[in-house]
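Novice: Starting off with a structure, shown below.
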Amino acid sequence: MKILKVAIIGCGNIFPMHAQSIKVVNNATLVAVCDNKEDRVKLKAEQYNCSYYTDYKEMFSKEDIDVVHICLPHFLHAEVSIYAAKLGIHIFTEKPMSIGLSDAQDMIKAAKDNKVTLGVIFQNRYNPGSQLIKKSLESGELGKILSGKMEVTWNRSDEYYSHSDWKGTWEKEGGGVIIDQAIHTMDLLRWFVDSDVDYIEANISNRVHEIIQVEDCAEGIIKYKNGVVTAFHAINYYSYDAPVKIELHCEKGMVKMLGDRGHIKFNDGIELIADNNPEDIFDYGNGAKGYWGTSHTKQIKNFYASISAGLQPDITGDEAIKTQKMVCAIYESGKKRVRIKL
Ligand SMILES: NC(=O)c1ccc[n+]([C@@H]2O[C@H](COP(=O)([O-])OP(=O)(O)OC[C@H]3O[C@@H](n4cnc5c(N)ncnc54)[C@H](O)[C@@H]3O)[C@@H](O)[C@H]2O)c1
């Protein structure tokens with residue numbers, strides 16, 4: 001079995017989810033880390049016993065890398081992915097794929113042209129609750145989806161923004177509560193409905209965070225080509241990170257997701273429930289946050305197993321761009337105050 005040599009670029013908040021997960025993948029080994037903050041990257045290199053760089057181009061020129069994980073600010077995802085693809089390096093990027101849609105298309109093209117794999121993190125699809133709902137919808141036992149709704153009411157303080165040199169800006173984060181926080185729940189709902197989007201109509205506004213440019217509130221509807229209409233509401237000025245909510249009203253039952261817990265109640269009274277296993281705890285090290293869950297490891301394992309089997313991973317660029325299109329259309333609709341037909 002070939003052991004893939006891995007680099008991670010970006011040693012911030014999400015770094016431990018990737019670094020610790022790579023440790024438990026049997027065909028991968030972390031050989032280099034990169035961050036433009038030298039003190040930060042040096043510490044990670046000591047912790048993981050690997051080389052470190054402050055310039056990703058230098059890292060690629062000096063190291064023999066098979067796979068790069070991109071844990072960078074949003075505006076750098078496309079640039080670094082395309083650079084790596086051209087060197088024949090497989091890419092695994094954090095969400096969102098990119099800021100703009102054309103960047104995401106260029107990432108997919110670069111990966112295909114250079115015959116490398118492009119994976120995008122949407123780890124919540126691997127939660128047992130999400131898996132239960134997806135499988136039940138796919139089996140047909142719930143009948144058609146009649147309508148759906150989702151709600152994300154989280155808290156991102158002024159300090160969260162003032163401590164970052166990229167969050168809260170259109171140029172570097174690409175948006176606020178939608179592209180950064182609610183994107184996970186939007187991706188889940190879209191994956192459940194499993195249809196192309198017909199149109200989107202959205203309002204976005206900044207209501208509480210005076211120090212940022214981007215929206216901290218968004219609401220609207222997404223009408224899918226299969227006729228399903230879903231409503232969404234997202235804010236990040238609630239007093240705490242309340243469990244996200246998804247509801248799908250189906251012909252033969254009601255689907256509810258509260259946080260990571262999936263709950264299905266069929267019209268005949270039968271109920272199915274799936275939640276994260278409390279035993280399924282993964283030590284992501286200092287600074288890891290509970291609400292990110294354990295599913296990064298599951299998705300990262302799928303990515304490496306796919307590469308070694310010569311298959312595509314579950315969440316490819318082609319899959320993730322569907323959610324990216326939705327996010328971009330929400331912004332376009334919100335800014336222009338028009339309905340966006342996809
Ligand atoms: N999947 C999830 O649940 C989840 C959770 C948190 C963050 N994320 C995503 O992870 C990514 C990173 O987020 P974060 O919260 O870790 O951000 P962060 O700001 O904590 O970390 C980003 C790191 O990149 C470094 N960096 C910036 N420019 C660089 C460059 N040119 N070269 C090398 N290093 C550079 C910074 O110094 C910083 O250490 C984002 O895409 C974010 O949306 C995903």
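The values are calculated or read from the model by the stated rules, or taken from the named source; none is laboratory data. None of the values given here were measured: they were computed from a predicted structure. Neighbour counts run over all protein chains shown; Cβ positions are idealised from the backbone, glycine included. In case anyone asks, the SASA skips ligands and DNA or RNA and just uses the protein heavy atoms, side chains included. Shrake-Rupley method; radii C 1.70, N 1.55, O 1.52, S 1.80 Å.
Novice: From the list 81, 61, exactly one residue is more than 8 Å from the ligand (Cβ to nearest atom) and open to solvent by 50 Å² or more (accessible area, probe 1.4 Å). Which is it? I'd like the intermediate steps shown before the answer.
Specialist: Details: 81 fails: open to solvent by 50 Å² or more (accessible area, probe 1.4 Å).
One residue alone meets the criteria, 61.
Novice: Please tell me if residue 26 is within 24 Å of residue 166 (Cβ to Cβ) and either in the same structural domain as residue 93 (by TED's automatic domain parsing) or of a type in the set (Gly, Ala, Ser) (or both).
Specialist: Values: within 24 Å of residue 166 (Cβ to Cβ): no; either in the same structural domain as residue 93 (by TED's automatic domain parsing) or of a type in the set (Gly, Ala, Ser) (or both): yes.
Here the answer is no, as residue 26 does not meet what is asked.
Novice: Condition test on residue 98, is it of a type in the set (Gly, Ala, Ser), assigned by TED's automatic domain parsing to the domain that holds residue 18, under 19 Å from residue 173 (Cα atoms) and touching a residue at least 40 places away in the same chain (Cβ under 8 Å)? First the steps, then the outcome.
Specialist: On the way: of a type in the set (Gly, Ala, Ser): yes; assigned by TED's automatic domain parsing to the domain that holds residue 18: yes; under 19 Å from residue 173 (Cα atoms): yes; touching a residue at least 40 places away in the same chain (Cβ under 8 Å): yes.
Yes: the conditions hold for residue 98.
Novice: Applying the selection to the range 93-113, what residues are surrounded by fewer than 17 Cβ atoms within 10 Å (Cβ to Cβ) and within 16 Å of the ligand (Cβ to nearest atom)?
Specialist: The answer is 100, and nothing else.
Novice: May I ask you to verify whether residue 78 is outside the structural domain of residue 332 (by TED's automatic domain parsing), part of a helix (DSSP H, G or I) and not acidic (Asp, Glu)? Steps first, please.
Specialist: Details: outside the structural domain of residue 332 (by TED's automatic domain parsing): yes; part of a helix (DSSP H, G or I): yes; not acidic (Asp, Glu): yes.
Answer is yes for this residue.
Novice: Looking for whichever is assigned by TED's automatic domain parsing to the domain that holds residue 173 and away from the ligand (no atom under 11 Å from the Cβ) here; the options are 131, 20. Which one fits? Spell out how you get there, then give the answer.
Specialist: On the way: 20 fails: assigned by TED's automatic domain parsing to the domain that holds residue 173.
Within the list 131, 20, the selection yields 131.
Novice: Out of 162, 147, 157, I need the residue that is more than 12 Å from the ligand (Cβ to nearest atom), open to solvent by less than 50 Å² (accessible area, probe 1.4 Å) and closer than 16 Å to residue 216 by Cα. Which one? Write out each step before concluding.
Specialist: Details: 162 fails: open to solvent by less than 50 Å² (accessible area, probe 1.4 Å); 147 fails: closer than 16 Å to residue 216 by Cα.
On inspection, the qualifying residue turns out to be 157.
Novice: Next question. In the range 17-46, what count of residues is obtained for those that are open to solvent by 10 Å² or more (accessible area, probe 1.4 Å) and outside any loop (DSSP other than H, G, I, E, B)?
Specialist: 13
Novice: Next up: With respect to the numbered conditions (1) within 10 Å of the ligand (Cβ to nearest atom); (2) open to solvent by 10 Å² or more (accessible area, probe 1.4 Å); (3) part of a helix (DSSP H, G or I), which one is the sole condition not fulfilled by residue 72?
Specialist: (3)
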